[in-house]
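Single-structure report; data block below.
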Amino acid sequence: VQLQASGGGLVQAGGSLRLSCAASGILFSLYTLDWYRQAPGKERELVATMATGGSTNYGDSVKGRFTISRDNAENTVYLLMNSLKPEDTAVYYCSALNRMSGNRYWGRGTQVTVSS
C-alpha cells in the first residue's frame, strides 16, 4: 500500500494550493479519505475528511477555505486550499481508512508554508 502526497510548497498569504494524494494497493473506493496536518510543536489535527459516499467534514479552522475531493477512477484525493494563512503552515498528510476492517494507511506528508 502506498499513498503519495504532492503539491505542497511556499505560497503567500491569501494564495492557493492544491494537494494531491495518489493511492495504490488498496480498493480506493472503499476507503474514507482524510487530510491531516501537523505544525511544529503541535499535535496532528484533522483538516478534512471525505467518506466513501462523498460526505465531507472539515476542521473549524479551514471551513469555507479548503475543499476535499476524490477521484475514484484515478485513486486520488485532493485538497484545494484557498485564502491560505500563515497558521496553515504545516506538514500535510493524507490518510485512507477502511471503516469495516479498521485498516488505516498514511502518506509521507508534504510541506505547506504560507508566508505573511
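For the range 1-68, which trypsin sites (Lys or Arg not before Pro) are in a loop by DSSP, counting at most 16 other Cβ atoms within 10 Å? Those satisfying the criteria are Lys42, Arg44, Lys63, Arg65. I need the shape label for the range 71-116. Rule: rounded when a/c is under 1.5, else prolate if a/b > b/c, else oblate, with a, b, c from the alpha carbon gyration tensor. Prolate, because a/c is 1.5 or more and a/b exceeds b/c.
Take Met50: with every protein chain present and a 1.4 Å probe, its accessible area is about 20 Å². Solvent-accessible surface of the chain, averaged per residue with a 1.4 angstrom probe and all protein chains in place: 53 square angstrom.
Apolar share of the accessible surface for the chain: 46 percent from carbon plus sulfur atoms, 1.4 Å probe.
The C-alpha radius of gyration of the chain, expressed as a fraction of 2.2 N^0.38 Å, stands at 1.00.
The values are calculated or read from the model by the stated rules, or taken from the named source; none is laboratory data. No experiment lies behind these values; they were computed from the predicted model shown. Heads up, the Cβs are rebuilt from the backbone with ideal geometry, glycines too, and the neighbour counts pull from every protein chain shown. Protein only, heavy atoms only, side chains kept; ligands, DNA and RNA dropped before computing areas. Shrake-Rupley method; radii C 1.70, N 1.55, O 1.52, S 1.80 Å.
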